[in-house]
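First up is the structure itself, then whatever we jot down about it.
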Amino acid sequence: QVQLVESGGGLVQPGGSLRLSCAVSGSIFGINSMGWFRQAPGKQRELVARISSDSFTDYADSVKGRFTISGNIARYTVFLQMNSLKPEDTAIYYCNAVRWGSNFWGQGTQVTVSS
């Protein structure tokens, strides 16, 4: 099993920044990608950003140029730097890991962008 623990969410004003962290433990061998998803009330969970074991990154169009995923799977930590936050970024953010084709999820951290 893979355990994922997120931290760093909170309340921020529009235009502000937050940094999310995801700590990985358990059966790390075989993880080939990690990422961040989010789910707003009444909406489906969507991909925000992901990073592969060879450091290839991928972003949702809505966050390109504002969010940056970083970290290293082998070092068991992945980050999401979120800048220029907008009210529509408000959601629960979930850390995700893919290991041998199976998805693992963290418990989620709330991000609220409001004045």
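Conditions (1) over 16 Å from Gln3 (Cα atoms); (2) open to solvent by less than 30 Å² (accessible area, probe 1.4 Å); (3) at pLDDT 95 or above, marked per residue:
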site: Ala49; (1), (2), (3): yes, yes, yes
site: Ser62; (1), (2), (3): yes, no, yes
site: Phe67; (1), (2), (3): yes, yes, yes
site: Tyr76; (1), (2), (3): no, no, no
site: Ser84; (1), (2), (3): yes, no, yes
site: Cys95; (1), (2), (3): no, yes, yes
site: Val111; (1), (2), (3): yes, yes, yes
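Residue under question is Gly42, and the condition is that it be at pLDDT 90 or above, exposed (fewer than 13 other Cβ atoms within 10 Å of the Cβ) and either closer than 23 Å to Gln13 by Cα or small (Gly, Ala, Ser) (or both); does it hold? Considered against the rule, which asks whether it is at pLDDT 90 or above, exposed (fewer than 13 other Cβ atoms within 10 Å of the Cβ) and either closer than 23 Å to Gln13 by Cα or small (Gly, Ala, Ser) (or both), Gly42 comes out as yes.
Among the residues of the stretch 76-108, the one identified as of a type in the set (A, V, I, L, M) and outside any strand (DSSP E or B) is Leu85. Taken together, the residues in the stretch 1-34 that are over 13 Å from Tyr93 (Cα atoms), part of a loop (DSSP other than H, G, I, E, B) and either open to solvent by less than 40 Å² (accessible area, probe 1.4 Å) or not aromatic (Phe, Trp, Tyr) (or both) amount to 9.
The values are calculated or read from the model by the stated rules, or taken from the named source; none is laboratory data. Keep in mind the model is a prediction, meaning the values are calculated, not measured. Ideal geometry is used to build each Cβ from the backbone, glycine not excepted, and the neighbour counts take in all protein chains shown. The protein model used for the area step is the full one, side chains on, heavy atoms only, and it has no ligands, DNA or RNA in it. Shrake-Rupley method; radii C 1.70, N 1.55, O 1.52, S 1.80 Å.
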